[in-house]
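Engineer: Attaching a single structure in structure tokens format; questions to follow.
The values are calculated or read from the model by the stated rules, or taken from the named source; none is laboratory data. These figures come from a predicted structure and were not determined experimentally. Neighbour counts run over all protein chains shown; Cβ positions are idealised from the backbone, glycine included. Ligands, DNA and RNA are excluded from the accessible area calculation, which covers all protein heavy atoms including side chains. Shrake-Rupley method; radii C 1.70, N 1.55, O 1.52, S 1.80 Å.
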Amino acid sequence: GSFPVWINADDGPAAPEKAQGYALKITPAGAWIRGHDKLGTSFGAASFIQMIDREGPARIRCGAVSDWPEYAGRGFKQGRLLCNPNLLEFALLGKFSCVEEQSGPSLNYRALGGYMPWTPLVKFWALETARIFSAFGVDLYFGVDMYTMYPNMPLTSPRTFEFHKKLFSELAAAGGNVYYPNDDGRGGQAHPADKAATGDQDTSAKLDAKYLTRLFRAVKAEHPGFKMTFCPVYYFGPDGTVSYKNNPREPYLKSIREELDPEIEVFWNGP
């Protein structure tokens, strides 16, 4: 139409030299959006949309904005992607940089009868969703509780590692990330194969953090932008006092400190 919008044009306003920063300039002659990076550009476009007055005849407010976040990681955790088809729009207009989702690849949706496996249709849906979020620069973490707790798979088995690596690599290739929950579902459930391999009833402190580090590094070696968030068995804080037989709290938390790759983000839930 008669109102042009230039995105990342050379003659646009300079974006602030900050991660996710952007500059927005709106005049009667047109608008300029300039992002410091991909996500900054997306946030600049979202702010432009928010400057449109939709009450009565559409009008665009003139003005200038230079903005960036003080804290780069801003997001939320939600239950099911399938239940929220407007999730990306909500994240962009809310200026969120990441979304953590409970059960992404399986479409864990009770109305469909519970967990759905990694079928070709579910795989297509998950990878396309990852590509769309990645195109805007928003980090999407797919939850994989159906492959980390239900069922509880033996971490000492090479087949488990290769299964996880293949699944996570497919998500990473599409721009997706992984939310890996052990949570309370794994707390007191040492797998018989792990107990046999370690000769010990208490396997979580000996296996979990080391396994995640090895798995994360294997995927990241092929996909450098890959990210992972981990929900451990034991939660943070003085009120997180739940205890599991043969899986004591302090050795488990110590293993996270000593064995977990520091690039893996830890999601500390409440009790």
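Engineer: Any idea which residue in the stretch 124-172 is surrounded by the most Cβ atoms within 10 Å (Cβ to Cβ), counting only those that are assigned to a helix (DSSP H, G or I), touching a Phe, Trp or Tyr at 6+ places or on another chain (Cβ under 9 Å) and of a type in the set (Phe, Trp, Tyr)?
Structural biologist: Within the stretch 124-172, the match that is surrounded by the most Cβ atoms within 10 Å (Cβ to Cβ) is Phe168.
Engineer: Then there is this: Identify all residues within the stretch 1-45 that are farther than 23 Å from Gly94 by Cβ, among the aromatic types (Phe, Trp, Tyr) and open to solvent by less than 70 Å² (accessible area, probe 1.4 Å); write none if there are none.
Structural biologist: Phe3, Trp32, listed by residue number.
Engineer: Further question: Any residue at all in the stretch 224-238 that's modelled with pLDDT of 95 or more, touching a Ser or Thr at 6+ places or on another chain (Cβ under 8 Å) and more than 16 Å from Tyr179 (Cα to Cα)?
Structural biologist: So far as the stretch 224-238 goes, no, none of its residues is modelled with pLDDT of 95 or more, touching a Ser or Thr at 6+ places or on another chain (Cβ under 8 Å) and more than 16 Å from Tyr179 (Cα to Cα).
Engineer: Being in a loop (DSSP other than H, G, I, E, B), surrounded by fewer than 17 Cβ atoms within 10 Å (Cβ to Cβ) and either without any contact (Cβ under 8 Å) to a residue 60 or more places away in the chain or of a type outside the set (D, E, K, R) (or both), is that true of even one residue in the stretch 173-186?
Structural biologist: yes
Engineer: For the stretch 189-237, which positions are of a type in the set (A, V, I, L, M), surrounded by 20 or more Cβ atoms within 10 Å (Cβ to Cβ) and in a helix (DSSP H, G or I)?
Structural biologist: The answer is Ala205, Leu207, Ala209, Leu212, Leu215, Val219.
Engineer: Quick one: would you say Pro251 is open to solvent by 20 Å² or more (accessible area, probe 1.4 Å) and modelled with pLDDT of 90 or more?
Structural biologist: So Pro251 fails the test.
Engineer: Across the stretch 26-63, what is the total count of residues that are closer than 19 Å to Ile132 by Cα and outside any helix (DSSP H, G or I)?
Structural biologist: 2
Engineer: Please enumerate the residues belonging to the stretch 149-172 that are more than 16 Å from the chain's Cα centre (by Cα) and in contact (Cβ under 8 Å) with a residue 12 or more places away in the chain.
Structural biologist: Residues satisfying the conditions are Met149, Tyr150, Asn152, Met153, Pro154, Leu155, Thr156, Ser157, Phe161, Phe163, His164, Lys165.
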